[in-house]
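Some notes on the structure that comes next.
Derivation of every value follows stated rules applied to the coordinates shown; laboratory data play no part. Since the model is a prediction, treat every value here as computed from it, not as a measurement. Note: ideal-geometry Cβ built from the backbone for every residue, glycine included; neighbour counts use all protein chains shown.
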């Protein structure tokens, strides 16, 4: 880490990861840092004010990369910036070290890492694993205290942390970690793309085509995801989805011991059989006991059970956590029950596949709100699912409204279509007006949010705000 002191360093992006990098570099006495961001000082607001006296140089605004990056020794890339960006590619060609907060964390982390990736379900699965291990370690510490009378009351078990795309920024955790700690990381393809180390336990959920607005093609996207297992050792574990061909194929890319999970077949990990959850033939409980909505969440539960058991969690703790966990915000989140109508916020659904899973989670008639900005998705299957399932009214919004409309019309959808209301307040009012007692109003857009909202969180918050205002 002493090398940072004399290096000329570029930090690209002042989002959460960029701020984490800057704090880390300042702490380790880096003297020559230039921070790049496409936002102006005014747009960055307090974030700029927090760093303006600690960072050597700033290049901000629309032309922030003008002049290139070739005179820097090290470049820390934000996940949002592609490795193929001409300025980054040119700097790398000229000898600059291109890295990231995630890559640096893997280099410096003394703890055992559980990494979770997949197209969807990463946050839910990572949180479940974290909750199980956290509860297990606290129970273990209390057990030791009771067993060995006279020990200090503050005696602790192993430390457990949740980080990555969910939880805390990674680099800020390093000073708290020990060799016996566990860190559960939710990892996107953007973070995995240039990794040359893999987690001790790698969890790979369902993988399908996504982020083709970022990756050049499905092959590049899949290769990025595969880094989660590519560099594992024989003492490591890979937890793979047996029902998904891409995830399952990762068993050929790793030296680790492989455990599969499934909701369709018996495996050597956790699996579903006759609506019951098993771990290596030991009954965990019934799927009907889960508070998480939707069969797609059975994958996440089985993955979490398998990974947690490999990390040493006991069955009693696993059962307690999975049957009490009700999910994350913006993931099939029950917002309100009003006059016999349920409002569900699934704004995190940005692909057709996740919207299909949300639709399948309900047997009641659905008023579906779908649409948003382009992600390179194919809506054919979504159109078919909307037509054959319980969707009675379809409210289409955003740039992809016409494409989804064509998909449902091709599938001979017989329900009502409401086309492109402009604001969430109007969308909610129309949805409630069209609803009847016993219906579900479901926001599951199957698209990104950037045409109408700052991000999926803002879209979900507005849905909740106007649902509560009725």
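Evaluate the relative contact order of the chain (contact order divided by residue number), counting alpha-carbon pairs under 8 angstrom at least 6 apart; express in whole percent.
Reported relative contact order: 11 percent.
Expressed as a whole number of Å, what is the distance separating the alpha-carbon centroids of region 385-451 and region 59-94?
41
Need one word for region 321-470: rounded, prolate or oblate. Basis is the Cα gyration tensor (sqrt eigenvalues a ≥ b ≥ c); a/c below 1.5 gives rounded, then a/b vs b/c decides.
It comes out rounded by the Cα gyration axes.
Can you tell me the order of 85-95, 299-309 when each peptide is scored by its average per-residue count of other Cβ atoms within 10 angstrom, highest first?
299-309, 85-95
Restricting things to alpha carbons, find the Rg to Rh ratio for region 214-344 using the Kirkwood radius for Rh.
When Rh is taken as the Kirkwood radius, the ratio is 1.03.
Cα-based Rg of the chain per 2.2 N^0.38 Å, rounded to two decimals?
1.03
For region 228-266 and region 293-311, write down the distance between their C-alpha centroids in whole Å.
So the two Cα centres are separated by 14 Å.
Under 1.5 on a/c is rounded, so check that first for region 364-425, then, if it is not, pick prolate when a/b is larger than b/c and oblate when it is not; a ≥ b ≥ c are the square roots of the alpha carbon gyration tensor eigenvalues.
It comes out oblate by the Cα gyration axes.
Provide the gained length on full extension for the span residue 430 to residue 338, in nm with one decimal, where the gain is 0.36 nm per separating residue minus the Cα-Cα distance.
So the extension gain works out to 31.6 nm.
Please label the shape of region 7-99 as rounded, prolate or oblate, based on the square roots a ≥ b ≥ c of the eigenvalues of the alpha-carbon gyration tensor (a/c under 1.5 means rounded; beyond that, a/b larger than b/c means prolate, else oblate).
Oblate shape, in that a/c is at least 1.5 and b/c is the bigger or equal ratio.
Average the reciprocal distances over every distinct pair of alpha-carbons in region 1-56, invert the result, and give the Kirkwood radius in Å.
Taking the inverse mean of 1/r over all distinct Cα pairs, region 1-56 comes out at 11.4 Å.
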